[in-house]
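The values are calculated or read from the model by the stated rules, or taken from the named source; none is laboratory data. These numbers come from a predicted model, not from an experiment. All Cβ positions, even for glycine, are placed from backbone atoms using ideal geometry, and neighbour counts span all protein chains on display.
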Amino acid sequence: MKRIVFILSVFLSCHVFAAVRMPELKWSVSYSADKQLSQGKEIPAIVPGAVQLDIARAENYPPYVFNDNYKQYGWMEDMYYTYKTQFKKPVLSSSERLYFVSKGIDYQFEIYLNGEKLFYQEGMFTYVNLDLTDKLQPDNSLQILIYPVPKKQKTPVDRSQAAHVVKPAVSYGWDWHPRLVPLGIWDDTYLEKRNVSHIDDVFVKYVLSDKFDKANIELAIEGRNLDDCSFSWTLKNKEGKNVLRRQGKLSEHSLLEGIEFRNPELWWSYDHGTPYLYTSVFELKDKKGKSIQKITEKIGFRRVRLVMNEGAWDEPEDFPKGRSVPPAQLELNGRKIFAKGTNWVNPEIFPGTITRERYNELIDLAVEANFNMFRIWGGGIVNKESFFELCDEKGILVWEDSPLSCNLYPDEPHYLSILKQEATSIVKRLRKHPCLAMWCGGNELFNNWSLMTDQSLPLRLLNSICLEYDPLVPYNPTSPLYGMAHGCYIFKYFDGREVFEAMNNAHNTAYTEFGMPGISPMEVLKQIIPENQLFPPKPNTAWQEHHAFGAWAGDTWLCPDILNEYFGQATSLEELIAQSQLMQSEGYKAIYEEARRQKPYCSMALNWCYNEPWPAAVNNSLLVYPAIAKPAFYAVSNSCRPFCTSARLSKFVWNEGEEFFAEIWLLNDKYEKICPGKLRIKLQAGNETIEILTWDTPTTEKNTNLAGPTARFKLPKWTVDRFKLILEVDENPEYNSEYTLLYRPKPEPKEKGTAILNMNN
């Protein structure tokens, strides 16, 4: 069989082969400590899924989310597993072939048909397309032997064990993620009838003109036995009308280029326009002109670049400009975009359980949060196809980390060969999606725990693959780079600085990770923590198992010392939750809004993190597993509105008799002017509301922030422990903002009396 490449070019999603998928296969799985097929008791298996979940169902294991039950699953990572299914040989014509297809098997495996080994692969992100036809019998047994979890060394038992594989390091244990390392078939897997002549992949490549009024298109097609075949290609608009059509013959060296498409509707992130998608229909025909395959995909036309932030070339003054602050300003279709978003982590510990519906719920919530970008964190998986399809449809930009994180990945030939295989597969699969805005080598690779540089061979390899297969999408070797920031994960630093002071004095081109801890709602805590451990939180209990693990300390995510300093000792769990969630909300507001105020030098604000793979007791997340919004979610949503009023605060606690002050700002990420208005600045304490300033705001220019006056007011004596700063815009309440701050009355004077002598001195 000949594999040909037919070059034509535009970005696609929703890949559909007009092949015949066979009835769903029924699977069983068995396990053994030895590398042998079909050892041990066979139990029913759900595909896609994970072997751990199959065992847990069959043997009535307790839920891994409760207390420390996950530790009971630990032995499963050291077994060999055999998936087994049986099927009858289907009726095949002389022009038909039967393929075994799997979009994801984790991690190292062999495939057997009727006892004969047909295939071996290391890597979970490369699709399997295996022609079974010539090995079929009337009755067939298909088996997949999966190796134990790969470990670079036996100890330490931590993420460094994943430093030699292209497998999510988070599964090996993280501060917010338990040690549960999935194995098994984790994505769609099936048998499929295909014509001897068929297309494996279509990539519509294009280059947009500088004025965005023309797309020069080529078609790149990978297929088999295409000699003597013909094709027709049609591009349809949203209304289903044909706007382009080409047809011709296919051969091994066919090339169709120079297709010109005038005035394409552009794909935009939802906050800047319409995520416009065309439909591409590619039809393959045999030598008689009969249709044998049709591929229908969604296409978006857009140009995405990283350009230098304003002022980046000016610093550092004495540093070579080629090594200065890196490009961090995202440009979409010639328009500079402020990236407001979040770090996406695996929505499930076992990715085989992730569904399109689950993705859809989380992405819809991101739109509600006014986010326009996901950074797909490099410690997790490369998401399934439906994730990218939904981001295309809903207009969410995607920064895609390679699955490398916080490890020193080797310059070793075997690892590099697997990385090349996996990265090539990933890039070729995802490059079709208009939502894809950036490739990245991985997470936190340039630091004292990873020790990699831009000269490390894995990162040079990833750069070369992106350059070869998707050259028009930006590439960064890692996050953060010089000028970017990962940091600010607590409300108050060790040196006494609050988040307000730290952010107001920061000066970074992009904040690509920052966090603020918040305790989960009561209903979640009761599902994961035994009743006798609920209050007060203590180390070495389920509280620790569900946040920070070995990182438990007063200054980590629970932050008991900080909470006690601001609020005093909580007398109930309800009170503690409310305190923590308030601090998380106000902390996140401070960071997002200050990052926006630093525009145009700053261009990104992406928090750590958006979601969770299991219910954490305390986390920086905005959504508690599976998709429960914390109060901070709504606070961030307000701070990320395209246009909003904002207050630049200096601290959290204010005292009676002190002059309160706040700088007032208008933040505009829209590419349209905002008309003048009347802004009222108020303080509210209990039932008392005081208007302290009125500002007749001028026109706010497009994509521009406007600094206003400073509101000042001497705080009176109140009988409350907190107050609100409220910004109200007459006739435009959608622009309003508010902040909750703490209030301290003057201490009552002590009665005069006789001093007690210290007789020991």
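Of all residues in the stretch 50-99, those satisfying the criterion of being among the aliphatic types (A, V, I, L, M) and in contact (Cβ under 8 Å) with a residue 24 or more places away in the chain are Ala50, Val51, Leu53, Ile55, Val65, Met76, Met79, Leu92, Leu98. Return yes or no: is Asn216 under 26 Å from Tyr112 (Cα atoms) and either part of a strand (DSSP E or B) or outside the structural domain of Arg335 (by TED's automatic domain parsing) (or both)? It is false that Asn216 is under 26 Å from Tyr112 (Cα atoms) and either part of a strand (DSSP E or B) or outside the structural domain of Arg335 (by TED's automatic domain parsing) (or both). Of Tyr610, Tyr592, all but one fail to be more than 15 Å from the chain's Cα centre (by Cα) and farther than 22 Å from Leu534 by Cα; the exception is Tyr592.
Can you find a residue that is part of a loop (DSSP other than H, G, I, E, B), closer than 19 Å to Ile381 by Cα and among the basic types (Lys, Arg) anywhere in the stretch 158-165?
Going through the stretch 158-165, the residues part of a loop (DSSP other than H, G, I, E, B) turn out to be 158, 163-165.
Still in the running and closer than 19 Å to Ile381 by Cα: 158, 163-165.
Those left that are additionally among the basic types (Lys, Arg): none.
Within the stretch 158-165, not a single residue is part of a loop (DSSP other than H, G, I, E, B), closer than 19 Å to Ile381 by Cα and among the basic types (Lys, Arg).
Quick one: in the stretch 732-761, of everything that is of a type in the set (D, E, K, R) and modelled with pLDDT under 95, which residue is nearest to Thr694 (Cα to Cα)? Among those that are of a type in the set (D, E, K, R) and modelled with pLDDT under 95, it is Lys746.
Of all residues in the stretch 145-156, those satisfying the criterion of being in contact with a helix residue (DSSP H, G or I) (Cβ under 8 Å, 6 or more places away or on another chain) and in a loop (DSSP other than H, G, I, E, B) are Pro148, Val149, Pro150, Lys151, Lys152, Gln153. Scanning the stretch 44-74 for residues that are closer than 20 Å to Ser28 by Cβ and either part of a helix (DSSP H, G or I) or outside the structural domain of Pro148 (by TED's automatic domain parsing) (or both) yields Val51, Gln52, Leu53, Asp54, Ile55, Ala56, Arg57, Ala58, Tyr73. Residues being within 19 Å of the chain's Cα centre (by Cα), buried (at least 19 other Cβ atoms within 10 Å of the Cβ) and closer than 16 Å to Leu727 by Cβ are entirely absent from the stretch 643-663.
Residues in the stretch 122-129: is at least one free of Cβ contacts under 8 Å to residues at least 24 places away in the same chain and either crowded, with 17+ Cβ neighbours inside 10 Å or out of contact with any strand residue (DSSP E or B) (no Cβ under 7 Å at 6 or more places or on another chain) (or both)? No: zero hits. With the requirement that a residue be loosely packed, with under 13 Cβ neighbours inside 10 Å and either at pLDDT below 95 or within 35 Å of the chain's Cα centre (by Cα) (or both), what does the stretch 703-718 give you? If the condition is that a residue be loosely packed, with under 13 Cβ neighbours inside 10 Å and either at pLDDT below 95 or within 35 Å of the chain's Cα centre (by Cα) (or both), then Ala707 is the only one that fits.
What residue, of Asn504, Asn443, is surrounded by fewer than 19 Cβ atoms within 10 Å (Cβ to Cβ), under 30 Å from Glu586 (Cα atoms) and touching a residue at least 24 places away in the same chain (Cβ under 8 Å)? Steps first, please.
Working: Asn443 fails: surrounded by fewer than 19 Cβ atoms within 10 Å (Cβ to Cβ).
Only one candidate qualifies: Asn504.
Looking at the stretch 655-678 only, could you name the residues that are in contact with a Leu (Cβ under 6 Å, 6 or more places away or on another chain) and of a type outside the set (Asp, Glu)? Selection gives Phe660, Ala662, Leu666.
Identify, from the list Glu672, Glu663, Glu612, the residue that is touching a strand residue (DSSP E or B) at 6+ places or on another chain (Cβ under 7 Å) and part of a loop (DSSP other than H, G, I, E, B). Let's see the steps before the verdict.
Numbers: Glu672 fails: touching a strand residue (DSSP E or B) at 6+ places or on another chain (Cβ under 7 Å); Glu663 fails: part of a loop (DSSP other than H, G, I, E, B).
Among Glu672, Glu663, Glu612, only Glu612 is touching a strand residue (DSSP E or B) at 6+ places or on another chain (Cβ under 7 Å) and part of a loop (DSSP other than H, G, I, E, B).
Within the stretch 241-269, the residues that satisfy the criterion of being in a loop (DSSP other than H, G, I, E, B), surrounded by fewer than 17 Cβ atoms within 10 Å (Cβ to Cβ) and modelled with pLDDT of 95 or more are Lys241, Asn263, Glu265. Would you say Ala339 is modelled with pLDDT under 95 and of a type in the set (A, V, I, L, M, F, W, C)? Taking the combined requirement at face value, the residue does not satisfy it.
Exactly one residue out of Leu472, Leu467, Leu461 is within 30 Å of Glu222 (Cβ to Cβ), assigned to a loop (DSSP other than H, G, I, E, B), hydrophobic (A, V, I, L, M, F, W, C) and over 20 Å from the mean Cα position of the chain (by Cα): that is Leu472.
Condition first: surrounded by fewer than 22 Cβ atoms within 10 Å (Cβ to Cβ) and in contact (Cβ under 8 Å) with a residue 60 or more places away in the chain. Can you find one or more residues in the stretch 568-579 that meet it? The answer is no; no qualifying residue exists.
Assess whether Tyr31 counts as being hydroxyl-bearing (Ser, Thr, Tyr), at pLDDT 90 or above and out of contact with any strand residue (DSSP E or B) (no Cβ under 9 Å at 6 or more places or on another chain). Show your work before the answer.
Numbers: hydroxyl-bearing (Ser, Thr, Tyr): yes; at pLDDT 90 or above: yes; out of contact with any strand residue (DSSP E or B) (no Cβ under 9 Å at 6 or more places or on another chain): no.
Spelling it out, it is not the case that Tyr31 is hydroxyl-bearing (Ser, Thr, Tyr), at pLDDT 90 or above and out of contact with any strand residue (DSSP E or B) (no Cβ under 9 Å at 6 or more places or on another chain).
Within the stretch 482-496, is there a residue that is among the acidic types (Asp, Glu), surrounded by fewer than 23 Cβ atoms within 10 Å (Cβ to Cβ) and touching a Lys or Arg at 6+ places or on another chain (Cβ under 8 Å)? No, the stretch 482-496 contains no residue that is among the acidic types (Asp, Glu), surrounded by fewer than 23 Cβ atoms within 10 Å (Cβ to Cβ) and touching a Lys or Arg at 6+ places or on another chain (Cβ under 8 Å). Scanning the stretch 282-310 for residues that are in a loop (DSSP other than H, G, I, E, B), charged (D, E, K, R) and surrounded by 17 or more Cβ atoms within 10 Å (Cβ to Cβ) yields a total of 2. If you go through the stretch 34-43 and keep only what is at pLDDT below 95 and either part of a strand (DSSP E or B) or of a type in the set (Phe, Trp, Tyr) (or both), you end up with nothing. Here Pro23 clears all of (1) of a type outside the set (Phe, Trp, Tyr); (2) closer than 30 Å to Asp201 by Cα; (3) in contact (Cβ under 8 Å) with a residue 60 or more places away in the chain except the condition numbered (3). Of the residues making up the stretch 166-178, those that are assigned to a loop (DSSP other than H, G, I, E, B) and either out of contact with any Gly (no Cβ under 6 Å at 6 or more places or on another chain) or of a type in the set (A, V, I, L, M, F, W, C) (or both) are Val166, Lys167, Gly173, Trp174, Asp175, Trp176, His177, Pro178. Scan the stretch 484-503 and tell me whether some residue there is at pLDDT below 95 and among the hydroxyl-bearing types (Ser, Thr, Tyr). Within the stretch 484-503, one or more residues are at pLDDT below 95 and among the hydroxyl-bearing types (Ser, Thr, Tyr). Checking each residue in the stretch 32-44 for being free of Cβ contacts under 8 Å to residues at least 40 places away in the same chain and within 23 Å of Asp187 (Cα to Cα) picks out Ile43, Pro44.
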